[in-house]
Amino acid sequence: MTRDLTPLFKPKNVAIIGASADPEKVGHIILLNYINEGYSGKIYLVNKNPAEILGMKPYKSVLDIKERLDCVVIAIPAPAVPEVLEECGKAKAKSVVLISGGFAEIGNVDLQSQISAIAKKYNIVLVGPNCLGIMDPRSRVNTLFLPAYKLSKPKIGSVSFVAQSGAVGSVILDLIEGEGFGLSKFISYGNAADVDETDIMEYLMNDDETKVIVMYIEGIKRGKAFLELARKITKVKPVIILKAGRTAAGATAALSHTAALAGSYEAHEAVFRQFGFTIANDLVDLLFYAKIFESERAPKGNRIAIITNGGGAGVLTTDAISSSKYLKLAELSEETKATLSKTMPPLVNLRNPLDLAGDAGDKRYHDALYPIINDPNIDMIIVIILFQTPGADSKLAAEVIELKETIEKPMVIISVGTQYTEMHKIMMESSGLPVYDSPRSAAMSLEALLRYYQYKNHKD
């Protein structure tokens, strides 16, 4: 049965146990994050010290709060957790985010077993311990104890990130905004004393606000349940997964980090591939895949056209495509060549990759892209724009954005450079165009997109 995690993401009220007036305390940072995000629900503070915190009077216990609580965030020392968690149960709190560390990850297995038992006894949905917790930009929920000024704020979108590690999760959150796609939900679940990766995946599978699921995991708690879910989840939406603990040393590190039983990486990888998961090898891959899955539709085939204003960049991209077992360079149709011959200057060779030369501007790209977009021999398009060249400017970026809105074929941009390029990269990505900084990253992202939809559309 799917566990209802809605009180975590859409709470009508929240209590923060361990809220503090001390700016350096975790409980203070969490409170500030709720306030700064503009959370509109009721916030209750719990602290045995009666002194006001940011003008709010705290309660001594959740039992003193007369309203039933949707979510309770606990940020206190580990030894004190069982008592307050018991009080949460008696108060009939629906969910708890347990930020506190000091449990199984440092050998306190009995203490973790105790909180697991309390959560089960009172039917509390518990995330943690030893985690960053939850972030939902739509509902303005932010249990993270990371100061807001240290992170770039992602825009609202359709990619949900699940990270067993809080540290990895914080890095991902900081990088999302720079990659141009939006966040639906973020979940750092730590030691998984109660809610685990399978619970979260199943909830997100049925979540209308989530189009793409991205996961960083160190171990799988319930192998059989995970397998049963894996059989069906990728037929609904893509799952991108980065599994840590690829080596024996890495698996040992995972155990001491989040108490995760990492198991054989080869066995995990075989399962992921069998059931259509997209496997990332590092955080960079994770973000590249998330970007293309959020913005692009299913390709109808594997044939790729390359348009460039730099010959060398076109050759490197051709190498990247040719190195893939799944992608191939498209042959331009005779009709496309005939159309191009009427608009391209003599220095442009009418073949793929189509090198428009270094002086190409928005008109030449327009004249090249229109016939290629409509060519039945072409399934996907890579547009290389080197903004260092004379003809490449904001008009060209605007032209590519406008063209993108008229086609259903996947189209990605490769553009490399510093300030001037970055300005246009932001311009294009904010309009839904995925931009990559190398031929390899563009090719592997298109390959991942193709392989996923081939799996999804394959009839068993």
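What is the distance in Å between the Cα centres of the range 308-363 and the range 80-103?
For the range 308-363 versus the range 80-103, the Cα centre distance is 61 Å.
What's the magnitude of the charge dipole for the range 145-218 around its Cα centre, counting Lys and Arg as +1 and Asp and Glu as -1 at the beta-carbon? Answer in Debye, nearest 20.
440
Dividing the Cα convex hull volume of the range 1-86 by residue count, how many Å³ per residue is that?
So the per-residue Cα hull volume is 118 Å³.
Using the Cα centre of the chain as origin and beta-carbon charges of +1 (Lys, Arg) and -1 (Asp, Glu), tell me which of 200, 23, 309 is placed farthest towards the positive end of the dipole.
Among 200, 23, 309, the one farthest towards the positive end of the dipole of the chain is 200.
Need one number: convex hull volume per residue for the range 1-146, Cα atoms only, in Å³.
Numbers: hull volume 15.8 nm³, N = 146.
Cα-based convex hull of the range 1-146, divided per residue, equals 108 Å³.
What three numbers, in Å, describe the spread of the alpha carbons of the range 297-457 along their principal axes, ordered from the longest?
Principal-axis extents of the range 297-457 (Cα, largest first): 43, 37, 28 Å.
Among the aspartates and glutamates, select those whose C-alpha is under 16 Å from the C-alpha of residue 12, and discard any that sit fewer than 8 residues away in the same chain.
4, 37, 67, 70, 136
Considering only Cα-Cα distances, which of the following residue pairs are longer than 26 Å: 90/185; 60/221; 66/211; 232/328; 153/456; 291/395?
On the way: 90/185 29 Å; 60/221 35 Å; 66/211 38 Å; 232/328 30 Å; 153/456 32 Å; 291/395 24 Å.
Pairs exceeding the cut-off: 90/185; 60/221; 66/211; 232/328; 153/456.
Charges at C-beta only: +1 for Lys and Arg, -1 for Asp and Glu. How large is the resulting dipole of the chain about its Cα centre, in Debye rounded to 20?
1060
Loop-only GluC sites (Glu not before Pro) in the range 360-460, please: DSSP not H, G, I, E or B, and at most 14 other Cβ atoms within 10 Å.
When the GluC sites (Glu not before Pro) of the range 360-460 are filtered for loop state and at most 14 Cβ neighbours within 10 Å, 405, 408 remain.
Label points 7 Å out from Cα along the Cβ direction at residue 63 and residue 32: separation in nm?
About 3.3 nm, to one decimal.
So if each residue of separation counts as 0.36 nm, and I subtract the Cα-Cα distance between residue 333 and residue 177, what length gain in nm does that give?
Contour length minus the Cα-Cα distance gives 52.3 nm.
Counting only residues 5 or more places away or on other chains, whose amide H sits under 5 Å from the amide H of residue 386 once H atoms are built in the peptide plane?
The list, which skips near neighbours in sequence, is 309.
Sticking with the crude label model, points 7 Å out along Cα→Cβ, report the distance from residue 367 to residue 49 in nm, one decimal please.
7.3
Suppose every K and R has +1 on its Cβ and every D and E has -1 on its Cβ; what is the size of the dipole of the range 297-457 about the Cα centre, in Debye to the nearest 20? Intermediate results must be reported in sequence, preceding the final value.
Details: 17 positive and 19 negative charges, 100 e Å.
Its charge dipole is roughly 480 debye.
Would you please name the trypsin sites (Lys or Arg not before Pro) within the range 415-460 that are DSSP coil residues with at most 12 other C-beta atoms within 10 Å of their C-beta?
Sparse-neighbourhood loop trypsin sites (Lys or Arg not before Pro): 459.
So how far apart, in nm, are the two label points at residue 374 and residue 269 if each is 7 Å from Cα heading toward Cβ?
Simple spin-label model gives 4.6 nm for this pair.
Can you compute the helix-only [θ] at 222 nm over the chain? Use -39500 (n - 2.57) per DSSP H run of at least 4 residues, normalise by all residues, nearest 500 deg cm²/dmol.
Value at 222 nm, helices only: -12000 deg cm²/dmol.
No lab work stands behind these numbers, since they all come straight from the coordinates. These numbers were taken from a predicted model, which means no experiment stands behind them. Backbone-built Cβ (ideal geometry, glycine too); neighbour counts: all protein chains shown.
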